[in-house]
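The values are calculated or read from the model by the stated rules, or taken from the named source; none is laboratory data. All values derive from a computational prediction rather than experimental measurement. No Cβ is skipped: glycine too gets one built from the backbone with ideal geometry, and neighbour counts run over all protein chains shown.
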Amino acid sequence: MMKWLWLSLVVIVLDQATKFLASGMLILHEPVAVLPFFNLTLMHNTGAAFSFLHDASGWQRWFFAALALIVSVMLVLWLRRLQPHERWLATALTLVLGGALGNLIDRLMYGYVVDFIQLYYQDWYYPAFNVADSAITVGAVMLVIDTFKGKEKHRRTL
């Protein structure tokens, strides 16, 4: 199932290309309205999801980089053990892997993750995110769905 790694590469390339464009075309923290609920807003996230630990003293850069590397190795090992019919699971794992590596590249190169997609409603703003975060989220949802599908198959065999 290692043939599915091409999907991780696509995520990484799209993620890095869009971050490059956002960094070159947007001004930090200045939103550009696209739709009534969607801005392009360049942000630098030194923390994790939802800026968790963004105000720590700098150790979080290496902690989250190491965590992403460990998770990536575990995902590749999991992917290697999949059977040919487990395409849904392979897709989920490679999406998470591509997203993790996309954000890892940022952490290693800049010390922060480039975010630029901002969704909002009136005065409520969802934390800014990027293509890698989107791939991780879609992959994680697919993993949850796969877990429920597995439980349903198990129930039917009882």
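Observations on the model:
- Test for Met74: is it exposed (fewer than 13 other Cβ atoms within 10 Å of the Cβ) and modelled with pLDDT under 95: no
- Residue check, Tyr121 surrounded by 13 or more Cβ atoms within 10 Å (Cβ to Cβ) and of a type outside the set (A, V, I, L, M, F, W, C): no
- Scanning region 23-42 for residues that are within 15 Å of Tyr120 (Cβ to Cβ) and outside any strand (DSSP E or B) gives His29, Glu30, Pro31, Pro36, Phe37.
- Answer residue from region 1-46, given it is closer than 14 Å to Ile117 by Cα and among the charged types (D, E, K, R) and is farthest from the chain's Cα centre (by Cα) among those: Glu30
- Leu95 closer than 26 Å to Asn39 by Cβ, among the aliphatic types (A, V, I, L, M) and either modelled with pLDDT under 95 or in a helix (DSSP H, G or I) (or both): yes
- Residue in region 86-100 that is out of contact with any helix residue (DSSP H, G or I) (no Cβ under 7 Å at 6 or more places or on another chain) and of a type in the set (A, V, I, L, M) present: no
- Hey, His54 at pLDDT below 95, over 19 Å from Ala132 (Cβ atoms) and either of a type in the set (A, V, I, L, M) or not in a helix (DSSP H, G or I) (or both) or not: no
- Listed by first and then second residue, the pairs linking a residue in region 16-34 that is polar (S, T, N, Q) to a residue that is in a helix (DSSP H, G or I) and surrounded by 11 or more Cβ atoms within 10 Å (Cβ to Cβ), with Cβ atoms under 8 Å apart and 6 or more places separating them unless they lie on different chains, are Gln16/Gly102; Gln16/Ile105; Thr18/Val131.
- Extreme residue, surrounded by the most Cβ atoms within 10 Å (Cβ to Cβ), among residues of region 124-155 that are among the aliphatic types (A, V, I, L, M) and without any contact (Cβ under 8 Å) to a residue 60 or more places away in the chain: Ile136
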